[in-house]
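Comments concern the structure below.
What follows draws every value from the coordinates through simple rules; no lab data is involved. Bear in mind the structure is a predicted one, so any value in this text is a computation, not a measurement. Positions of Cβ are generated from backbone atoms using ideal geometry, with glycine treated the same way; all protein chains shown enter the neighbour counts.
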Amino acid sequence: MTHSIHSTTQKTGETDIISRITQVLGYEISSVEYDGKNTHQIKASKIENGLKNDTTIFVLTSKSKSGIHKIKSLEKKTRASGTENLIIVSKNGYTEEANEYSEKNNISLLDMDKILLPESKPTKETHKIFDKVFKSQITMEDAKKEFEESRRKSFFGLFGQEEQVDSAFQRFAPIACYTLKKKEPKRLLSSGKVTTYSAGNFFVNLHTCHLYFLNYGLTGGKCSLKSTNLLRRMIDLPEKSVILFSELLEVETLYYEKMSEEQKRVFDENLEYLKALEVLGLVEEVQDGKILASTVKLPEFGDPRFDLNQHVEMDSLLESDNPADEIIYPADGVLELLKDLYNSEGELSKVIYLPYFACKYVDSEKNIRYKSLEKLVFKDG
């Protein structure tokens, strides 16, 4: 089923879920609107103490946790419609900031799984004994020295405000390791090219949704860890947009004039999905017969540079008083995105924690700046 951004048609397979949610909560549905992405707005009511209670219920099916900005936008939309009671039901939970804001503003935040599966047990918080941890080159003391050297300094009041280190701390980022295997290519817009690798490992930060890969250096120098926010930018795109981009990522440029008649038909029928990619800056239109070009440059699927297992040393059973970052992007949602992006089958193989250090700087005008530092031990130096 095709969805536009203004569609009021519900996503296939979610009608029953919405009915079950409202039934469990005891509401009768008046209307349902779907934004074509990941939000259903339900106008509902129920009788309480002999009075009709009108309520707006939002059901969110985003692959990531719902943050404070999303909650505020839904609150604003609800108040504008004249409804005071607001309930939000999320498939993947909420950030800490969203929970705090909702408690102060009388907004009910509910977890979809707890409504549909009330007998399920809550997930345990991450323990401070980490099973697998990437090995850090530096200690907290080393990091503090680097942060001190990196603070902005003022010379006799010139060149900006003097900064001071307000605080420095260590944290652990949850990194999901996925193993993917390529499926038979089903190209819609091009003949494609031969894929060098049929399988590969990919590492994604579940707090930031950054995909990691290695930079070998210009002349065979030391390795360094790089990341891209590509997955975070794409995570709530329609599946069709992701599939079309996966092909463009592989061939880099699409020429309309070189397409077959069938490929041209597919191109013309999916302009709204291609436009969604352009809005996010993932593709651009260029001249001289080049219709679309990817703005993203990454190693190809399965390139060893994605596989941190091959390059980074690890520790086992590390105990630390420093906390792990909150998982904002659930591992299963990221997996589905990776499978669509790379036309592959796959699974989550493990979660490894990446140690990093962070610093908060404050200048004389109380401006705040943050800096993070991660230095890992590479097997090849």
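Below, the figures for the structure above:
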| read-out | value |
| --- | --- |
| Dipole magnitude of region 129-373 about its Cα centre (Cβ charges: Lys, Arg +1; Asp, Glu -1), debye to nearest 20 | 400 debye |
| Semi-axis lengths, Å, region 287-336, gyration tensor of Cα atoms, sqrt of 5 times eigenvalues | 36, 18, 11 |
| Region 15-116, dipole about Cα centre (Lys/Arg Cβ +1, Asp/Glu Cβ -1), debye to the nearest 20 | 240 debye |
| Whole-Hz couplings from phi, Karplus 6.51/-1.76/1.60, listed for region 373-379; x for Gly and Pro | 9, 9, 9, 9, 8, 8, 5 |
| Only Lys, Arg (+1) and Asp, Glu (-1) charged, at Cβ; region 227-309 dipole about Cα centre in debye | 260 debye |
| Range of Cα positions in region 129-373 per principal axis (Å), largest first | 66, 47, 37 |
| Label point at Glu149 placed 7 Å out along Cα→Cβ; residues across region 337-381 whose backbone nitrogen lies under 15 Å | 373-375 |
| Kirkwood Rh and Cα Rg combined as Rg over Rh, evaluated for region 15-116 | 0.93 |
| Farthest positive-ward along region 129-373 dipole, Cα basis, beta-carbon charges - from Gly200, Gly333, Val279 | Gly200 |
| Footprinting exposure proxy for Asp236, Asp321 (fewest neighbouring C-beta atoms within 10 Å first) | Asp321, Asp236 |
| Sites Ser372 and Asn85 - FRET efficiency at Förster radius 41 Å, r taken between beta-carbons, to 0.05 | 0.50 |
| Whole-Å distance, taken between Cα centres, linking region 347-376 and region 69-91 | 32 Å |
